[in-house]
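As structure tokens, the structure follows; a few thoughts come after it.
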Amino acid sequence: MTPALPDFEVGSKAPVGRSGHDLMGSVSDRVARQPVQMDKKAFGRMKRGKLKPEGKIDLHGMTADQAHGALTGFIMRSHGEGKRLVLVITGKGKSKRDDGPIPTRRGVLKHQVPQWFALPPLKACILQVAEAHIRHGGTGAYYVYLRR
């Protein structure tokens, strides 16, 4: 049995409040809202671009499958080598016309990479993720601070 729908009257306003249809915030907002897990002083220096990354990977031009494999290997190798800060360059994504009724996100890798960071086996190696400073790629790159 389906639940009864509330009465509807033409011209009435929708109820105010959370409807359960919130749009997900931008990737930058979600990454920025993560709690700081590392030393706050080092985090501040990292965000200002004062810490130099010990390694970097550029995922430009890769498909999502290629990028996922390359990223996993890079993070695991860097962690094994004892590196602490690495730079992951995703790019901002191509801008394209969007005439459809359903909005499409720009930059597949920019949106996928933070999700990959939260999944095993990368989750065990990563202490903190933050958007890079403009000198290291800005919104098209991420700082990844690795665990010891």
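Can you give the net charge of the other residues whose Cβ lies under 14 Å from the Cβ of His79, counting K and R as +1 and D and E as -1? Before the final figure, lay out the partial values.
Working: positive: Arg77, Lys83, Arg84, Lys123, Arg147, Arg148; negative: Glu54, Glu81.
Result for the neighbourhood of His79: +4.
At an R0 of 35 angstrom, the distance between the Cβ atoms of Ala42 and Asp65 translates into a FRET efficiency of 0.55.
Excluding Pro114 itself, what net charge comes from residues whose Cβ is under 10 Å from its Cβ, given Lys and Arg +1 and Asp and Glu -1?
Numbers: positive: Arg30, Lys110; negative: Glu131.
Net of charged neighbours comes to +1.
Close amide H partners of Leu51, meaning residues 5 or more places away or on another chain with modelled amide H under 5 Å apart, are Met46.
For Leu146, the residues whose amide H sits under 5 Å from its own are Leu85, Val86, Leu127, ignoring neighbours fewer than 5 places away on the same chain, with H placed 1.01 Å from N.
Values in this text are rule-based calculations from the coordinates and carry no lab data. For clarity, every value in this text was computed on a predicted model and none was experimentally measured. Ideal geometry is used to build each Cβ from the backbone, glycine not excepted, and the neighbour counts take in all protein chains shown.
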